[in-house]
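Please read the structure below before turning to the comments.
The values are calculated or read from the model by the stated rules, or taken from the named source; none is laboratory data. These figures come from a predicted structure and were not determined experimentally. Backbone-built Cβ (ideal geometry, glycine too); neighbour counts: all protein chains shown. For the accessible areas, the whole protein counts, side chains as well, though only heavy atoms, and no ligand, DNA or RNA atoms are used. Shrake-Rupley method; radii C 1.70, N 1.55, O 1.52, S 1.80 Å.
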Amino acid sequence: NLRALSPRDATRATVIDNFTDVERFRPGPVRDPLVVFAARLHPEKGALRFVEAMAIVHRQRPDVRIALLGRGEEEAEVAASIGRHGLTGVVDRGFVADMAPIFARTAVFVSCQLHENLGSSSLLEAMASGAAVVATDVGSTHQIVDDSVGARVPTTAQAIAEAVLDLLRDPARRGACGAAARRRVVERYSGGPYLAQLLPGYETAIRSEEHTSELQSH
């Protein structure tokens, strides 16, 4: 956090949201009863919390498919947790380079990050694909996720599971959340809004450089 490391420099910084390719990530014709987690398997991403939550979901909705996709230093721990919770053969594990086809048919995307969801590429890509989302209420997550696109929840397995189950029980609400999620990404995080934030930053940097050069030349 730049404010903590260098408050003086933070006043000169501009935060620009991630760019999401809304043409590549778009809704498919069919939604599967599929709950997806996709992230690097690092402790801050909350993969182990996702496994705990999905154990609760599976007990109530054994028909629902679950995918936990990603690589990282927690792979062995994730595999052990899946086995310990009786989810071997239930949770699809692996790494997928192109998530667009999977997100296009995902019913609910879950982001379990423990510190910050703002700027999460997977979260925005899933939303652009029309998935309803459940995201942990940390950092500036509130800027992306609210009840209109899914649910923002505490970082507990129980809270995550309950939010997922609520969306699975209500297809109409889930569909409305997915549609609203895509609109939000198109309006705030697609190419047009990204350039609208980026170009003024470059213009300011160029003017600052020109001003510095003028001062140095005198």
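When all C-alpha to C-alpha distances in the stretch 104-145 are sorted into bins of 5 Å, what percent of pairs does each bin hold, rounded to whole numbers?
5, 29, 35, 20, 9, 1
Loop only per DSSP, at most 15 neighbouring Cβ atoms within 10 Å: give me the chymotrypsin sites (Phe, Trp or Tyr not before Pro) in the stretch 87-137, ordered by residue number. Please report the intermediate quantities before stating the final value.
Details: sites: 95, 103, 109; in loops: 95.
Within the stretch 87-137, the qualifying chymotrypsin sites (Phe, Trp or Tyr not before Pro) (loop, at most 15 other Cβ atoms within 10 Å) are 95.
Evaluate E = 1/(1 + (r/R0)^6) for residue 173 and residue 115, where r is the Cβ-Cβ distance and R0 equals 25 Å; express this FRET efficiency to the nearest 0.05.
On the way: r = 28 Å, r/R0 = 1.14.
Computed FRET efficiency for residue 173 and residue 115: 0.30.
So for the pair residue 42, residue 140, with labels modelled 7 Å out along Cα→Cβ, what separation do we get in nm?
Label at residue 42, label at residue 140, 1.8 nm between them.
Using a 1.4 angstrom probe with every protein chain in place, what is the largest-first accessible-area order of 99, 127?
Numbers: 99 20, 127 0 Å².
Largest accessible area first, the residues go 99, 127.
Using 0.36 nm times the number of residues separating residue 59 and residue 90, minus their current alpha carbon distance, what extension gain do you get? Before the final figure, lay out each step's value.
Working: separation 31, 0.36 × 31 = 11.16 nm, distance 1.13 nm.
Using 0.36 nm per residue and subtracting the Cα-Cα distance, I get 10.0 nm.
Summing +1 for each Lys or Arg and -1 for each Asp or Glu, what net charge is found among the other residues whose Cβ lies under 12 Å from the Cβ of residue 111?
Values: positive: 45, 49, 152; negative: 44, 116, 125, 137.
With Lys, Arg at +1 and Asp, Glu at -1, the neighbours total -1.
Of 34, 114, which has the most accessible area with a 1.4 Å probe, and how do the rest follow in descending order?
On the way: 34 5, 114 60 Å².
Output order, biggest surface exposure first: 114, 34.
At a Förster distance of 35 Å, what's the computed FRET efficiency of residue 75 paired with residue 155, Cβ-Cβ distance as r, to 0.05?
Taking R0 as 35 Å, the efficiency between residue 75 and residue 155 is 0.95.
Could you list log10 I(q)/I(0) for the stretch 46-180 at q = 0.14, 0.16, 0.20 Å⁻¹, which the Debye formula gives when each Cα is one point scatterer?
-0.58, -0.78, -1.28
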